[in-house]
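Have a look at the structure below before the remarks.
The values are calculated or read from the model by the stated rules, or taken from the named source; none is laboratory data. Note that the structure is a prediction, hence the values are computed from the model and not measured. For neighbour counting, all protein chains shown are included, and Cβ atoms are generated from backbone atoms with ideal geometry for every residue, glycine included. Surface areas here come from the heavy atoms of the whole protein model, side chains and all, with no ligands, DNA or RNA. Shrake-Rupley method; radii C 1.70, N 1.55, O 1.52, S 1.80 Å.
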Number of protein chains: 2
Amino acid sequence: MNEEEQVLIHCLYFTASRFARNITKLAERTFDFGNLAPSYFYMIMIVKFHPGITQKELCHKLSIAPSTSTRFIDKLEGLKLVTRKTSGKQTCISLTEDGEKVYVQFRSSLKELFAGYSEILGHEFSLDLSKMLHEASNKLEKEL
Amino acid sequence: MNEEEQVLIHCLYFTASRFARNITKLAERTFDFGNLAPSYFYMIMIVKFHPGITQKELCHKLSIAPSTSTRFIDKLEGLKLVTRKTSGKQTCISLTEDGEKVYVQFRSSLKELFAGYSEILGHEFSLDLSKMLHEASNKLEKEL
DNA sequence: ACTTTTAATTTGTATATGCAAATGAAGGGG
DNA sequence: CCCCTTCATTTGCATATACAAATTAAAAGT
C-alpha cells in the first residue's frame, strides 16, 4: 500500500465524506416517495417524537445550521406535512395528519434501507459503525 | 433510550451524514489557506501521486460524479494548480509547480487535522472508524 | 471510408447546506 | 416606560454536489 492510500484511508474527513456520499445514494433510492431528500424524513421523525419542538432543538438533534432548518421547514410546511406556531422568539413545529401518514411510510422504507445495507456490509458491522459515528458526532459537537 | 433515539443511532445514513457535517467543520477550520474547500486538496493529493490521471479515475478514487470533477478541475485550473491535457476522449490532469507547493502545505495541515480529531475521539478509535468507513465505501460502491 | 455505437467530458439545472448579516421579539437596567 | 442587549429565526449569498441531456471523440461494424 503506497503513501497516498495510507493517507486516504486514515483521514476521517475523507473517508466520512466519501461514505456519506455513497450511503446517500442508497438512501435516495430507497426513499423514493414524496420527492423529498432523505434528511426531511429524519426531521419528520424527530417532530413525530417531540411534537411542538423548537427549531433550535431540531437543529441540534439533526446537526444542521439554523438556516438549513428554516428552509427544510418551509418546504415541509408547503407540503402541509408540518405546522409552525411562533411563540415569542421561538417557533414550534408539529406534524399534520399528512405528516403522520408520511411518517408511517418512512418507517417501512427505513426497514428496507437497513436491510439493504446490512446485506452488503453485514448486520453487526453496520450496527457497530453506526454507533461509532453517533458517539463520534457527539464528542465532536461538544468540542466544536 | 426511546424508540426515536434507537432509530437515529442505528441508521447508518443518518449517523454518517451527521458525522460528515461535523468533521467537515473541523476540516474547513484546519485547511484555512487558499480559500478552497477540503475536498479540493484530496483531489490535488491524488493527482500528486498519479500525474496524468484521467478524470474518470479521479471520480472513482474520490467517489464523486463526473460533473463534480469537471467543476473542481475548472476551479483548480483557474487557480493554476493543475493542468488539463486532452488526449482523445479522455482528459489527463497533472499538477503545476504551484500545485506542488499547495500539496506540501496540505500535508502539514493534514497532520494538524489528524491531531485535532485524535485528541477528541482517541487515536485508535479514529483509525478504526476511518478504516471501517473506507471498507464500507468500497463494498457499497461495488454493489451500487 | 461511412455510419453507428460507445464512452468521457461538459453544460444546464436543481438542491442541501453553510456563514454572515438582517430581522424581530424578550427581558433587564436605568 | 424606553433603550440596550441577547437570542431565535430568516434572508441573502455562496458552494459542493448530483442527475440528465448535450457534446465530442474514439472504435467497431458494414
Quiz prompt | Selected from A:50, A:65, A:120, residue furthest toward positive end of dipole (the stretch A:1-121; charges at beta carbon) | solution = A:50
Self-check item: Across the identical copies, how the residue B:35 labels are spaced - nm, sorted shortest first, 7 Å along Cα→Cβ
Solution: 3.7
Quiz item: Put the label 7 Å from Cα along Cα→Cβ for residue A:5; what are its distances to the other copies, in nanometres, shortest first?
Solution: 4.1
Quiz prompt | Total accessible area lost when B and A pair, probe 1.4 Å, Å² to nearest 100 | solution = 6300
Quiz item: Placing +1 at every Lys and Arg Cβ and -1 at every Asp and Glu Cβ, with all other atoms neutral, what dipole size does the stretch A:1-48 have around its Cα centre, in debye to the nearest 20?
Solution: 320
Quiz prompt | C-alpha long axis of helix A:123-143 to longest principal axis of chain A, angle in ° | solution = 70
Quiz prompt | Label distances, nm, residue B:78 versus same residue in remaining copies, Cβ-directed 7 Å point | solution = 2.8
Self-check item: Loop-exposed trypsin sites (Lys or Arg not before Pro) per DSSP, neighbour cap 11 Cβ within 10 angstrom, longest uninterrupted part of chain A
Solution: A:1-79
Exercise. Measure off, as a whole percent, the carbon and sulfur share of the 1.4 Å-probe accessible area of the stretch B:3-143, all protein chains present.
Key: 52
Quiz item: Roughly how many Å² is the accessible area per residue of the protein assembly as shown, as a whole number, for a 1.4 Å probe?
Solution: 50
Quiz item: Closest approach to the A-B rotation axis by any Cβ of A: residue and distance in angstrom?
Solution: A:20, 2
Exercise. Please report, to one decimal in angstroms, the Kirkwood hydrodynamic radius of the stretch B:1-113 built from all distinct Cα-Cα pairs.
Key: 15.6
Quiz item: Normalised by the residues of the stretch A:3-143, what does the relative contact order come to in percent, with Cα pairs under 8 Å and at least six apart?
Solution: 20
Quiz item: How big is the gap, in Å, between the Cα center of the stretch A:7-43 and the Cα center of the stretch A:55-80?
Solution: 18
Self-check item: Cα convex hull of the protein assembly as shown, projected area averaged across orientations, nm²
Solution: 16.5
Practice problem: Excluding residues on the same chain fewer than 8 positions from residue B:80, give the lysines whose Cα lies under 19 Å from its Cα. | Solution: B:48, B:101
